[in-house]
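To start, the structure itself, in structure tokens.
The values are calculated or read from the model by the stated rules, or taken from the named source; none is laboratory data. The shown structure was predicted, so the numbers you read here are calculated from the model rather than taken from an experiment. A quick note on method: Cβ atoms are made from the backbone with ideal geometry, for glycine too, and the neighbour counts reach across all protein chains shown. Accessible surface areas use protein heavy atoms only, side chains included; no ligands, DNA or RNA. Shrake-Rupley method; radii C 1.70, N 1.55, O 1.52, S 1.80 Å.
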Amino acid sequence: MELFFILIGATLINNYVLVQFLGMCPFFGVSKKTETALGMGLSVMFVMTLASAITFLFYVYVLKPLKIEYLQTVSFILIIASIVQFIEVFMKKMFKVLYSMLGVYLPLITVNCAIFGVTLINIQKKYSLENYSFLESIVNSIGAGAGFTLAMLLLAGIREKYDNNPDVPEVFKGFPLALFSAGLMSIAFMGFMGLI
């Protein structure tokens, strides 16, 4: 039951995009079409989960015993960059259409602050009162990735609807309307605060 609460909490209540405002660059950049939003969201979820697992183990079994915890930022970024490079090569060979649709945003996963933030939060919760285990960290990462994907799909659906609407004033088309829509979505997601 605890794992379910962590999953729901990371997906809806503490949504890393709409509540904690992490990962805004791909959130706005790739949310023009639902196909690319889904591809980016699933890629981020996969990288986030894999990176959290590897960084958790690396911190607990390498950095902590050697008392070099101060290297966590550098080591976590290197781990995330390596995973993204692997995924980029894999997608280029296996999913060429999705790879070309994501374009420049795929390498941006490397510096996506949502992924880095989740890996750091999992470690901080490991050594706090909440005391996340390895499994709880993985579930938190899956929930965070699902929340990221959900937010991307919702914004992409809204943007597609507005782009095809001739009644939208010219001054609001594009990024201003996306920013306004994201703000309203953020307010709506804050309504989940009392859920658990």
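Just so you know, the Cα atoms of region 106-193 work out to an Rg and Dmax of 17.1, 53 Å.
By the rule of a C-alpha distance below 25 Å, with chain neighbours fewer than 8 residues away ignored, the lysines paired with LYS93 are LYS32, LYS33. Only DSSP H runs of four or more residues enter the estimate; each adds -39500 (n - 2.57), and after division by the residues of the chain the mean residue ellipticity at 222 nm equals -21500 deg cm²/dmol. For GLU170, the accessible surface of its heavy atoms amounts to roughly 140 Å² (probe 1.4 Å, protein chains only, rounded to the nearest 10).
A 1.4 Å probe over all protein chains sorts PHE148, PHE4, PHE28 by accessible area into PHE4, PHE28, PHE148, starting with the largest. Considering region 1-127 at the alpha-carbon level, its Rg and Dmax are found to be 15.3, 46 Å.
Only the Cβ atoms of Lys and Arg (+1) and of Asp and Glu (-1) were treated as charged; on that basis the dipole of the chain about its Cα centre amounts to roughly 380 debye. Restricting the calculation to Cα atoms, region 19-59 yields a radius of gyration followed by a Dmax of 12.4, 37 Å.
Expressed as a fraction of 2.2 N^0.38 Å, the value expected for a compact globular protein of N residues, the C-alpha radius of gyration of region 1-42 is 1.35.
Compute the acute angle (0 to 90°) between the alpha-carbon long axis of helix 175-190 and the principal axis of greatest extent of the alpha-carbon atoms of the chain; round to the nearest 10°. The angle comes out at about 50 degrees.
Counted over all Cα-Cα pairs of region 57-109, pairs farther apart than 14 Å make up 60 percent.
For the pair MET24 and LEU179 in one chain, pulling the backbone fully straight at 0.36 nm per residue adds 54.8 nm over the alpha carbon distance. Could you compute the FRET efficiency for VAL111 and ASN165, with r as their C-beta to C-beta distance and R0 at 41 Å, rounded to 0.05? About 0.75, to the nearest 0.05. A Förster radius of 25 Å combined with the Cβ-Cβ distance from PHE134 to ILE68 puts the calculated FRET efficiency at roughly 0.75.
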